[in-house]
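Have a look at the structure below before the remarks.
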Amino acid sequence: MTYTEAKNRIEKLKKLINDYRYHYHVLDESIMSEAAADSLKHELTKLEETYPDLLTNDSPTQRVAGTALDKFVKVEHKYPMISLNDVFDREEVEAWIKRTDKLAPGRTHQYFCDIKMDGLACALIYENGTLKQAVTRGDSMVGEDVTQNIRTIINVLVSMRKNKSNQLFLKGRTEVRGEIVMYKKDFAELNKKREAAGKPIFANPRNLAAGTIRQLDARLVAERPLHFRAYDLLRDNPAEVPSNDLAYKVLISLGITTNNQAEVFSDVDLVMKFADEWQQKRHELPFNTDGLVIKLNDRKLFADLGTVGKTPRGAVAYKYAAEEATTIVKDIVISIGRTGAATPVAVFDPVVVAGTTVQHASLHNADEIKRRDIRVGDTVVIYKAGDIIPQVEKVLLELRPKVAKTFNMFTELSRQYPELEFVRPEGEAVYRVKGATGPLLLKRALEHFASKSALDIDTLGEKNVEALVDANLVHDLADLYTVTKEQLLNLERFAEVSAENLVNAIGAKKHPSLSRFVYGLGIRHVGTQTAVDLANYFKKLDNLGTATYENLRAVNGIGEVVADSILGWFVDDDNQALLSKFRVLGVWPRDVTIAGGKLSGKSFVVTGTLETMGREAVAEKVRNLGGTFQSSVASGTTYLVMGKNAGQSKADKAKKLGTQIINETELLKLIG
């Protein structure tokens, strides 16, 4: 390739890559795959390395430049970045509107409404369409020069997009104001990786975005996925931008990302309808928000009204209900994930946060608990990370009771799981079950799920389970329902008939009884009878999954240990993902519809061997008729069924307790 050819190719690559970014970040559409765009950028990088004199500062490859800074330079804002007064309900919005009407009587007002982003405010200054400086909000009058870091953000334009409609704004000074945010999905993924690496997790996206921009080394900033979303456009001649909705249209034409949700309304009813709508839909947004910004659309009127104190009269911030709440840590239970990782989970007094009831939250690992000094009995502030995941924000030490109990991870592992041994690998923050690898735990879980007392999946025994896991066909319980006959025929153990039989056997158990499914999930301390009791009480799996500690304790026979274990299972991220996968695959237990049965209030114990049916079959029949099947005779047991070769000890105990002793024939009459 000649020099001239390279120059032409570079210009075309730059234009195409910038077009891709414009469509992707501004118009929320894709003109090519991300992989294709990466390939183009790679080609551009290679050409610029070959012809370094063709490398320009506005190239899409120039996102990280220079060495780490010693400090940030203070910069005075040409126009102050003032904050807004908060309002919290319709009454306060109406009061603000009345004040503006009084200050500007006889004027028809339009209201520009936009989503309020929870990020770091920043101003980008362009000279003749080229980025010259980026300054943080600071104290509203003076901020910090973070230009080098801002250049690493992929949707920040180094050169504004040119077209016939925006030529005016490509001349002279144009200031673009917006928020630097980290999207919720990126934040969750980043924390997931840190947790896996044994590193402390970040508290929330806003703090992380702010802390990232204030890193002195731009290379560190480039490693974190940040986005810039504009909310204002300033020119030295205000008449060039007469309204806020025009400002957004110009921003988009220049290639700057804005919120597409922004709208203009003519009365308070429409403003509040918009506010109510986004209070419900805000969880669908990629970034966190705590409300709206409501401004007068007429920017001259906005300026004429001036400020009171440090806030403008022509705009307010409408805040949604508090996203934080306080509650008391009742206990810390430990959940064992399918990989053998032990995760401490805080159990709270139920409290409503962001419109939903929160009663537990992951505390991640022992180091995190120690670092934050979280104790049983503490009053804590909780919030929803990304409006979704409950997290502990901080402990209110002022309210710590003298009896608050320090949590010792190793001691609690020994107490809660005395039959297991745990190790903490060097360099990791997570305790794991010793000798239990992911595949080993998965095999045991699958065997349990397919067992007679659980889903009773025919032909799915130990050997077939091992074959499925070792062949990487199954990675969790739900994957059983994705196995095909063709996949099985590739394994040595399976021929045409055996493969078809196994697939059919699995498919036949897509809608098991609720009790069998709950037992099959392998929740610690939940045996067959407990699963039946839970199923009969909650009727639906969703009801069980959202049950509070008090709900669980209300079930006959459910104590603290079992209740904590159930809560811990349903809060585990892996388990939640598993249930979601079951739903997608159309696998879900039947709701319990039997209100009672002729054996309601009766309890049975079988000893010895029965000729007509197995013990598990008897147990299921008894439970379906409303009765209780027990493993041993106890006070309150109604019947002891004596089969062949029955031992005498249970019979002696039954006589002592007044339990009625019957034979197999009498049992069959009772169960029909």
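The values are calculated or read from the model by the stated rules, or taken from the named source; none is laboratory data. Not measured: the values here are computed from a predicted model. Cβ placement follows ideal geometry from the backbone for every residue including glycine, while neighbour counts extend to all protein chains displayed.
Of all residues in the stretch 526-541, which are buried (at least 18 other Cβ atoms within 10 Å of the Cβ) and over 16 Å from residue 603 (Cα atoms)?
Scanning the stretch 526-541 gives 526, 534, 535, 538, 541.
Pick out, from the stretch 232-316, the helices (runs of 4 or more DSSP H) lying fully within it that include 1 or more residues that are touching a residue at least 40 places away in the same chain (Cβ under 8 Å) and farther than 24 Å from residue 120 by Cα.
Qualifying helices (runs of 4 or more DSSP H): 268-281, 299-305.
Would you say residue 296 is closer than 13 Å to residue 100 by Cβ and either β-branched (Val, Ile, Thr) or surrounded by fewer than 20 Cβ atoms within 10 Å (Cβ to Cβ) (or both)?
no
Filter the stretch 567-589 for residues that are part of a helix (DSSP H, G or I) and among the β-branched types (Val, Ile, Thr) and give the result.
Once the filter is applied, which keeps residues that are part of a helix (DSSP H, G or I) and among the β-branched types (Val, Ile, Thr), the stretch 567-589 yields 571, 584.
When the residues of the stretch 135-152 are filtered to those that are in a strand (DSSP E or B) and more than 18 Å from residue 206 (Cβ to Cβ), which remaining residue is farthest from the chain's Cα centre (by Cα)?
142
Mind telling me which of the residues 397, 446 ends up being among the hydrophobic types (A, V, I, L, M, F, W, C), without any contact (Cβ under 8 Å) to a residue 60 or more places away in the chain and under 21 Å from residue 336 (Cβ atoms)?
The conditions single out 446.
Within the stretch 156-171, work out how many residues are under 20 Å from residue 228 (Cα atoms) and either basic (Lys, Arg) or assigned to a helix (DSSP H, G or I) (or both).
Summing the residues that are under 20 Å from residue 228 (Cα atoms) and either basic (Lys, Arg) or assigned to a helix (DSSP H, G or I) (or both) in the stretch 156-171 gives 4.
Return only the number of the condition from (1) aliphatic (A, V, I, L, M); (2) within 21 Å of residue 130 (Cα to Cα); (3) modelled with pLDDT of 85 or more that residue 47 does not satisfy.
(2)
What residue, among those in the stretch 451-478 that are assigned to a helix (DSSP H, G or I) and in contact (Cβ under 8 Å) with a residue 40 or more places away in the chain, is surrounded by the fewest Cβ atoms within 10 Å (Cβ to Cβ)?
My answer is 478.
For the subset of the stretch 51-87 comprising residues that are among the polar types (S, T, N, Q) and surrounded by 12 or more Cβ atoms within 10 Å (Cβ to Cβ), which member is modelled with the highest pLDDT?
In this case the residue turns out to be 56.
For the stretch 591-672, list the helices (runs of 4 or more DSSP H) that sit wholly inside it and hold at least 2 residues that are at negative phi and acidic (Asp, Glu); which are they?
The helices (runs of 4 or more DSSP H) meeting that bar are 615-624, 664-671.
Which residues, counting only those in the stretch 479-516, are free of Cβ contacts under 8 Å to residues at least 60 places away in the same chain, part of a loop (DSSP other than H, G, I, E, B), under 25 Å from residue 588 (Cα atoms) and touching a helix residue (DSSP H, G or I) at 6+ places or on another chain (Cβ under 8 Å)?
Those that are free of Cβ contacts under 8 Å to residues at least 60 places away in the same chain, part of a loop (DSSP other than H, G, I, E, B), under 25 Å from residue 588 (Cα atoms) and touching a helix residue (DSSP H, G or I) at 6+ places or on another chain (Cβ under 8 Å): 483, 484.
Working carefully through the options 176, 221, find the one that is among the aliphatic types (A, V, I, L, M), under 27 Å from residue 14 (Cβ atoms) and part of a helix (DSSP H, G or I).
Step by step, each of 176, 221 is checked, and only 221 is among the aliphatic types (A, V, I, L, M), under 27 Å from residue 14 (Cβ atoms) and part of a helix (DSSP H, G or I).
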